[in-house]
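Beneath this line is the structure, given in structure tokens, with notes to follow.
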Amino acid sequence: MGERERWGVVGGVLGAALLLASCTSGGSGADGPGGATPGTGTHTVRTAMGDVRVKDHPRRVVVLDTAELDSAITLGVTPVGATRAGAASAVLPYLPARRTAGIAAVGEIANPDLEKIAALKPDLILSNKVRDGRRYSQLSAIAPTVLTETTGYPWKRNFLVHADALGRKKQARAAVDRYRRSVTAVTEALGGRKKAAGIDVNVVRFVEGADIRIYGRKNYIGTILADVGVGRPAVTDKAEDGFSYDVSPERIDQADADVIFTSTYGDPDRAKVTGTTTSGLWRGLRAVRDGKVFQVDDELWIQGIGYTAAGQILGELRTDLAP
């Protein structure tokens, strides 16, 4: 994902769109049997930028990162706009197509198109400071903007902020309960907490233009593995800030584990996939020798960041790890 930033005063098109945004409009950003109903009330949401006043039931929501999109879909809200995660579509393919149809693309993550956002006449914008903190005032001029401090590791806490902003606390409690039940089912399928803890699992991500990442404990996928209770090799404790321990192909032996899940971001050749996975060091890994290397979808396991993604990941963990 790019970290490009666009600054400056947005011209006449944005100004016109902002005038339109102040008018009432039809259309619904809610979906499903628990869909929100229109109302005129407001409530205050505590955010990383201070308290923000939002509608009790926002109807036209724009999301600017993948976690916010997963949260909205999980809670039964179809946004009117979303940023792209470097893909051709505004949505990641693991999300159900029937729930994401019609979402307009509003630029790329960390580089949203403010004119396109304003033209959608949103009544709520969801993002985080990592991506959009520096353009907060511009976004707030378009619609109430709720930012969490960061993304990834605190995804469960962020989800509750999203639910509060969307007026969907009841649906949030149901999503959390479903996740907990699924976690318990996977752990039991592995033989219980003790047996699960005896399986050392690594997540290795090949990244175009960067070193290979061995994921630590303080990231989205790390929290799911911790909830299930599987073991993590000692190398994960070397991860910088708990996020990842980055290695070159010549040090891929550091990824040794009972089970390895691999994903690729970007072009596989430029991410050094072939050269690494055909090397003697790779073939010498315990998981490789035992046939316990599983290639997974990067957009689901790494980029998804939410309860809808987590439900699918738990299903894959059960399939791949259960005896």
Within segment 236-257, residues surrounded by 18 or more Cβ atoms within 10 Å (Cβ to Cβ) and farther than 11 Å from Arg213 by Cα come out as Asp256, Ala257
From the list Ile305, Ile260, which residue is aliphatic (A, V, I, L, M) and closer than 21 Å to Arg180 by Cα?
Ile305
For segment 220-323, list the helices (runs of 4 or more DSSP H) that sit wholly inside it and hold at least 3 residues that are farther than 14 Å from Val203 by Cα; which are they?
273-277, 280-283, 307-321
Taking segment 186-200 and keeping residues assigned to a loop (DSSP other than H, G, I, E, B), surrounded by 14 or more Cβ atoms within 10 Å (Cβ to Cβ) and in contact with a strand residue (DSSP E or B) (Cβ under 9 Å, 6 or more places away or on another chain) leaves Ile199
Do the conditions hold for Gly81, that is, is it modelled with pLDDT of 95 or more, assigned by TED's automatic domain parsing to the domain that holds Val161, on the phi > 0 side of the Ramachandran plot and of a type outside the set (Lys, Arg)?
no
For the condition among the aliphatic types (A, V, I, L, M) and touching a residue at least 60 places away in the same chain (Cβ under 8 Å), what is the one hit in Leu300, Leu285?
Leu300
Spot the failing condition for Phe243; the list is (1) free of Cβ contacts under 8 Å to residues at least 24 places away in the same chain; (2) closer than 27 Å to Thr150 by Cα, and only one is missed.
(1)
Residue hits (segment 185-224; more than 17 Å from Asp256 (Cα to Cα), within 22 Å of the chain's Cα centre (by Cα) and not small (Gly, Ala, Ser)) are Val186, Val207, Glu208, Lys218, Asn219, Tyr220, Ile221, Thr223, Ile224
Restricting to segment 111-130, and then to whatever is touching a Leu at 6+ places or on another chain (Cβ under 7 Å) and surrounded by fewer than 24 Cβ atoms within 10 Å (Cβ to Cβ), can you tell me which residue is nearest to Val61 (Cα to Cα)?
Lys121
Among the residues of segment 93-103, is any assigned to a strand (DSSP E or B), among the aliphatic types (A, V, I, L, M) and not assigned by TED's automatic domain parsing to the domain that holds Arg217?
no
Look through Leu64, Leu75 and report the one residue that is surrounded by 21 or more Cβ atoms within 10 Å (Cβ to Cβ), modelled with pLDDT of 95 or more and out of contact with any strand residue (DSSP E or B) (no Cβ under 8 Å at 6 or more places or on another chain).
Leu75
If you go through Ile260, Ile252, Ile224, the only one that is at pLDDT 95 or above, touching a Lys or Arg at 6+ places or on another chain (Cβ under 8 Å) and of a type in the set (A, V, I, L, M) is Ile260
Failed item in (1) touching a His at 6+ places or on another chain (Cβ under 8 Å); (2) modelled with pLDDT of 95 or more; (3) surrounded by fewer than 18 Cβ atoms within 10 Å (Cβ to Cβ), with Gly39 passing the rest:
(2)
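The values are calculated or read from the model by the stated rules, or taken from the named source; none is laboratory data. This one's a predicted model, so the numbers in the text were calculated from it and none came from an experiment. Heads up, the Cβs are rebuilt from the backbone with ideal geometry, glycines too, and the neighbour counts pull from every protein chain shown.
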